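The values are calculated or read from the model by the stated rules, or taken from the named source; none is laboratory data. Since the structure is predicted, the reported quantities are computational estimates derived from the model, not experimental observations. Neighbour counts run over all protein chains shown; Cβ positions are idealised from the backbone, glycine included.
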Amino acid sequence: LQRRLRRMEKSRQAAAENRRPVSTKIEPLDRLLPGSGFCRGTLIEWLAEGRAAGAATLALLSARPLLETGGALVMIDHARGFYPPAAAALGIDLENTLLVYPEKQADLLWALEQSLGSAGVAVSCCPLEQLDGRAFRRLQLAVEKGGGIGMLMRPAAMRREPSWADLRLLVEPLPMLSAGLPPPHAEARRREERNRSFGRRIRVELLRCRTGGGGGAIELEICDETGFVYSVSPLAPPAAADRAARA
């Protein structure tokens with residue numbers, strides 16, 4: 001009886017640990033997320049218009065801490081857009097990464113469901129366009145069973161569609177901060193950008209949280225060379241920038 005009780009207690013502790021959010025180690029993103037991180041056993045939708053928006057890069061960066069405790073990263077990449085050297089530069093362990101190249105939509109959904117349902121997979125990433133509610137529900141049940149995290153990269157237009165995801169994040173590219181600033185401030189900003197080698201600037205909005213609450217948006221700059229992510233202030237409107245220049 002005591003052995004059985006100990007096993008039950010260990011199982012309860014493991015379940016509680018899985019429900020605890022895991023920090024992305026990107027402080028501004030953690031502040032945006034309910035619970036300050038991602039919970040295992042959940043689906044996350046990254047909505048963006050085009051590959052250059054930065055959603056895939058931010059998803060990989062936020063996945064790194066989830067991979068530190070074991071479990072594989074599975075990339076289901078029917079469009080063959082995943083570039084391993086770039087992922088390695090961001091700190092992704094390629095030896096623990098599995099690449100799947102399905103040719104048909106049915107094969108893609110099957111591979112994704114199997115990946116999400118596997119206890120040996122920590123993170124599953126997959127670009128998806130059309131997805132009916134029944135298939136979406138199967139994916140949500142699979143990730144609950146497997147205990148990992150599913151990251152679905154979807155077009156921004158899908159925000160109008162129903163979702164079984166626990167979190168929906170919209171990622172939009174933004175101009176660098178020097179645009180629209182008066183010359184003295186713009187030049188100082190350009191020097192700062194060169195010194196810190198920023199790659200791109202994005203806006204991340206929390207559209208939906210299954211548990212309620214949340215909302216809000218942040219602006220980030222991602223350095224493609226180092227994988228560092230910085231929080232930035234919103235761009236001041238031109239009138240405010242003119243007043244700052246005259247101050």
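List of remarks:
- If you go through the range 72-127 and keep only what is within 13 Å of VAL143 (Cα to Cα) and of a type in the set (Gly, Ala, Ser), you end up with ALA111, SER115, GLY117, SER118, ALA119, GLY120, ALA122, SER124.
- Residue list for the range 220-231, restricted to those being part of a strand (DSSP E or B) and over 14 Å from the mean Cα position of the chain (by Cα): GLU221, TYR230, SER231
- Test: residue in the range 71-84 that is at pLDDT 95 or above and small (Gly, Ala, Ser): yes
- Exactly one residue among ALA79, ALA88, ALA59, ALA53 is touching a residue at least 40 places away in the same chain (Cβ under 8 Å) and out of contact with any Pro (no Cβ under 7 Å at 6 or more places or on another chain), and that residue is ALA59.
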